[in-house]
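This report concerns only the one structure given below.
Please treat every number below as a calculation from the coordinates, not as lab data. It should be emphasised that the depicted structure is a prediction, and the values quoted were computed from it without experimental measurement. A quick note on method: Cβ atoms are made from the backbone with ideal geometry, for glycine too, and the neighbour counts reach across all protein chains shown.
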Amino acid sequence: MSLMPVSEALEKLLAGVTPLDAEHVSLADANGRFLGAPLASTRTQPPFAASAMDGYAIRHEDLVGSKPSLEVIGEAPAGHGFAGSVGHGQTVRIFTGAPVPDGADTILIQENAERDGDRITVQIAPGKGAFVRPAGLDFSKDDVLLKPPLKLDYRHLALAAAMNHATLPVVRKPKVAILATGDELVRPGTEPGPDQIIASNHAGIAAMVEDCGGEPIDLGISPDEPKALAEHVNRALREDADILVTLGGASVGDHDLVQDVLGNKGMDLAFWRIAMRPGKPLMAGRLGKTKVLGLPGNPVSSLVCGLLFLKPLMAAMTGMPQLDSRPKEAVLAMDLGENDRRQDYVRAILSEDDDGRLVASPFPKQDSSMLALLAKSGGLIIRPPHAPAEPAGATVPVLVL
């Protein structure tokens, strides 16, 4: 089987994927969630003409002559409007947020008034309508102010609260079951045997799932035994996982059992073996309603394939565009040789030169087991298949991490 280009594989993976159903959660639980439906205001804000400053509510037409004097007939604190009306030569002491009383059309701020008992003298006259917030200044009832696609943050939640929504429609979190495979793996914090290593991919992929707004389901580590692997897959199906991510075992070696086990369960295989490095043994398919993504076992390959395939898949399920997936241009800090038939993702340190240009310094070693280099990397230089050699100073596309 020939190697599938990255772009074709991604297109196949995302074919037919639509946002998940919406659910309602409280404002307190909505931060970081993805809005599931347009949200209209239930009220007008402000609901009445309100004072924007502490001062005196006046009729602008009374500001005649030098330093006019007005009679104070009452007070309007926030939450307690003045019940009467402001007549000729009268004023009401008013505070920020209080309704402007009938008859008044302007606010004289307190520092521009001199008060003596029940009278004030205007020291500096304001313009007509000064410091009055008209009703509906911010928004009106039935205005649609929040629309998908949108990841809700503190700004949107404050607005939703002002719109008088106690709950919000959000896209259901994608459930992502994560299954590591291999007799050689043990969990972090345990003592590996003489021929074993620590399972690291699971921690990175679970964090990626959470960063994308999903709910990771830890299926643990399956030994290289078909029955045990099938039992783990059954658990993912019982959990109604939207995505099953397997880590390792998707190739065709004697101990790579994932493809066979899933095939026996009826998986519709979309593709496997991608023309990319790191990450050639990547597999994708569907098992009933569950999307299956088989990531390579090598740590860097697993995480890079997660960035390139799992993140877009989750973005499609949450209805969000993948804005951070667009490559940026960077200047090479050193020469790069020509590339072979696979699309290469080269780990690199990113910096800026004196002109503010992004500079990419690739690591000389790019082995797919070297997680420390990925942790140090600021980005991945994208090298298309059969790309020619590039000298230092050339411009290359970089996926910023």
- Query: So what J values fall out for the range 379-389 if you push phi through Karplus, 6.51 cos²θ - 1.76 cosθ + 1.60 with θ = phi - 60°, rounded to Hz, Gly and Pro as x?
  - Reply: x, 10, 6, 8, 10, x, x, 6, 5, x, 4
- Query: Relative contact order of the chain: what whole-number percent is it, with Cα pairs under 8 angstrom and at least 6 residues apart?
  - Reply: 16
- Query: Looking at the range 109-202, which chymotrypsin sites (Phe, Trp or Tyr not before Pro) are in a loop (DSSP not H, G, I, E or B) and have at most 14 other Cβ atoms within 10 Å?
  - Reply: none
- Calculated Rg and Dmax of the Cα atoms in Å (choose from [x] 31.5, 99; [y] 28.7, 88; [z] 20.9, 58), label: [x]
- Task: About the Cα centre of the chain, how large is the charge dipole given +1 on each Lys and Arg Cβ and -1 on each Asp and Glu Cβ? Please answer in debye to the nearest 20.
- Result: 680
- Item | Residue of Pro77, Pro38, Pro169 that the Gaussian network model of the chain assigns the largest fluctuation, springs spanning Cα pairs under 10 Å | Pro77
- Find how many whole Å separate the alpha carbon centroid of the range 96-164 from the alpha carbon centroid of the range 180-217. 54
- Query: What trypsin sites (Lys or Arg not before Pro) in the range 338-399 are in a loop by DSSP, with at most 12 other Cβ atoms within 10 Å of the Cβ?
  - Reply: Arg341, Arg357, Lys365
- Task: Would you work out if the range 326-400 is rounded, prolate or oblate? Take a ≥ b ≥ c from the square roots of the eigenvalues of the alpha-carbon gyration tensor; rounded if a/c is under 1.5, else prolate when a/b is larger than b/c, oblate otherwise.
- Result: oblate
- Item | Chain lengthening between Ser325 and Arg286 when straightened (0.36 nm per residue, less Cα-Cα) | 11.6 nm
- Only helical DSSP H runs with n ≥ 4 go in: add -39500 (n - 2.57) per run for the chain, normalise by residue count and round the 222 nm mean residue ellipticity to 500 deg cm²/dmol. -5000 deg cm²/dmol
- Item | For the chain, built as a Gaussian network whose Cα springs stay under 10 Å, the top-fluctuating residue of Gly193, Gly182, Gly117 | Gly117
